1. Does segment 361-376 include one or more residues that are open to solvent by less than 70 Å² (accessible area, probe 1.4 Å), modelled with pLDDT under 95 and within 30 Å of residue 274 (Cα to Cα)?
2. Please pick out the residue among 274, 296 that is open to solvent by less than 40 Å² (accessible area, probe 1.4 Å) and either in contact (Cβ under 8 Å) with a residue 40 or more places away in the chain or more than 26 Å from the chain's Cα centre (by Cα) (or both).
3. Yes or no: segment 6-24 includes at least one residue that is within 16 Å of the ligand (Cβ to nearest atom), within 19 Å of residue 112 (Cα to Cα) and open to solvent by 50 Å² or more (accessible area, probe 1.4 Å).
4. How many residues does segment 345-359 contain that are over 13 Å from residue 141 (Cβ atoms) and either without any contact (Cβ under 8 Å) to a residue 12 or more places away in the chain or open to solvent by 90 Å² or more (accessible area, probe 1.4 Å) (or both)?
5. Tally the residues that are in contact with a helix residue (DSSP H, G or I) (Cβ under 6 Å, 6 or more places away or on another chain) and not hydrophobic (A, V, I, L, M, F, W, C), restricting the search to segment 178-190.
6. Select from segment 442-464 the residues that are open to solvent by less than 30 Å² (accessible area, probe 1.4 Å) and free of Cβ contacts under 8 Å to residues at least 60 places away in the same chain and write down the one among them that is nearest to residue 391 (Cα to Cα).
7. Just checking, how many residues over segment 98-123 are closer than 15 Å to residue 35 by Cβ, open to solvent by 10 Å² or more (accessible area, probe 1.4 Å) and of a type in the set (A, V, I, L, M, F, W, C)?
8. Looking at the structure I just gave you, is residue 1 hydrophobic (A, V, I, L, M, F, W, C), more than 30 Å from residue 470 (Cα to Cα) and away from the ligand (no atom under 16 Å from the Cβ)?
Amino acid sequence: MKKRWGGRFAGATSVSSEHFLASVQFDSALVDYDIQGSIAHAQMLGVCGIITQEEAASLQVGLREVHRRIAAGECGFTAADEDVHMWVERLLSEQIGPLAGKLHTARSRNDQVALDTHLFVREKVLVLMEGTIRLIRALMERADTFCDILLPGYTHLQRAQPVLWSHHLLAYAWMFERDSRRLQGCFGSANCSPLGAGALAGTTFPIDRVLVSETLSFDALYENSMDAVSDRDYLIDILSACATIMMHLSRLSEELVLWTSHEFGFVHLSDGFCTGSSIMPQKRNPDCAELIRGKCGRVYGALISLLTTMKGLPLAYNKDLQEDKECLFDAVRTTEQCLGIMGEMVAEMSPRAPAMERAMEQGFLNATELADFLAARGLPFRDAHHVVGALVLQCEREGKRLEDLSDAELLAASPLLTSDARSCLSYSRAVERRTSRGGTASTAVAEQRNRLEERVDAIERWWGDVRDRVSAKG
Ligand code: ARG
């Protein structure tokens, strides 16, 4: 096939390099955005008198027909088409003839591909936000439904102090709330139009960049044409947000894997998210959680890959930039999928309160309470810590819990440990007394839950407004 840029070439591209250089096999995923951008560009060329209004109209009709044909699966491509832009241009010229050649007036593939990926990111950010919001709501619903269940809270994976299960779940909900806001930021960095930058230096044609930008409902446009064609920060932003989301998903997955083990037995995942073993009939494995944890690495990889691609690039466009796409597509698809699975899995999981309670009563999770009791009676906290530490050692040797100690044993440890000290050994009391803002008492948890809901409602309203704006105009 004669190349569209082939005028100054006497020889043909080698078959191997044609395959090596081609991106159409993956960037065809951008075809909707490419055509959307081309329609806006053609319309602007007409309005500015760079081509006639009739020509602009024919280009737009042709592009819409090409779009229809692609959606109907009527159009294939080969490596000879090189990339999505050249593929669409070939189809357009088959559709409307030589007029198709006017579409590329005042445009380069460099600003065109940048436009396509900006549009892609804007749309995908909204999809990812939908996933984070669903997941937050699922975590909140599980927290509400089982709001009075206690479990051991851990530090160093050693039992530390009792907490509400709802408190533990909401900790994750807050992580995904921050992720949602990070995604809002990603929308902002992608919401800027590069079209009109040309190859790198702008154009001699009297184009109207603002018109194109408004047609595609961008909030801003790049003020420097060299920056416009070589910037990939907006991709690094979304990859970095995806990496953080995956890190959070992976931490939650890790807890689910631990919690569903016989060693913990804290949680039941529904059958829909577990699998059996081909040899061991008793097995019920938390595969979905494991696979989410496992997929985290490839999303980190995508971020590192693009950061590395960018670090040595001189201005402006370089072919290296073509390497931005596969990792972007993969990372976004993976993150979207993992958010969806986690949302569904969380919605159907249930806590096993008796196992949590058993675990909570072993491991001296009420020791801090006893030390606080002594400190409240005037003993310096360091000394109180020491007294209770000695009692823990005694209990450990005798195989009992602090609440199993007799009144005499308590008094022997300290004259301040009168029989009313016993009440502070209650686990639910330990929880309910932690009323500090952000603490685990049920009143404090109800407060944080309401604050979280307000924030998520606000994010969801923003999401709805932006989605309507982008889809109405685009
Ligand atoms: N396929 C290219 C990419 O993904 C499109 C831009 C090509 N520009 C060029 N001057 N070769 O980056």
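1. For segment 361-376, residues open to solvent by less than 70 Å² (accessible area, probe 1.4 Å), modelled with pLDDT under 95 and within 30 Å of residue 274 (Cα to Cα): present.
2. On the way: 274 fails: either in contact (Cβ under 8 Å) with a residue 40 or more places away in the chain or more than 26 Å from the chain's Cα centre (by Cα) (or both).
Result of the check over 274, 296: 296.
3. The first filter runs over segment 6-24 and keeps only residues within 16 Å of the ligand (Cβ to nearest atom), leaving 6-9, 13, 17-24.
When the remaining residues are screened for being within 19 Å of residue 112 (Cα to Cα), the result is 21-24.
Subset that is open to solvent by 50 Å² or more (accessible area, probe 1.4 Å): 21.
Yes, some residue in segment 6-24 is within 16 Å of the ligand (Cβ to nearest atom), within 19 Å of residue 112 (Cα to Cα) and open to solvent by 50 Å² or more (accessible area, probe 1.4 Å).
4. Total meeting the criteria: 4.
5. Total meeting the criteria: 4.
6. Here the answer is 444.
7. Count: 2.
8. Numbers: hydrophobic (A, V, I, L, M, F, W, C): yes; more than 30 Å from residue 470 (Cα to Cα): yes; away from the ligand (no atom under 16 Å from the Cβ): yes.
Against the criterion (hydrophobic (A, V, I, L, M, F, W, C), more than 30 Å from residue 470 (Cα to Cα) and away from the ligand (no atom under 16 Å from the Cβ)), residue 1 qualifies.
The values are calculated or read from the model by the stated rules, or taken from the named source; none is laboratory data. Values in this document were obtained by computation on a predicted structure and should not be read as measured data. With ideal geometry, Cβ positions are generated from the backbone for all residues, glycine too; neighbour counts draw on all protein chains shown. For the accessible areas, the whole protein counts, side chains as well, though only heavy atoms, and no ligand, DNA or RNA atoms are used. Shrake-Rupley method; radii C 1.70, N 1.55, O 1.52, S 1.80 Å.
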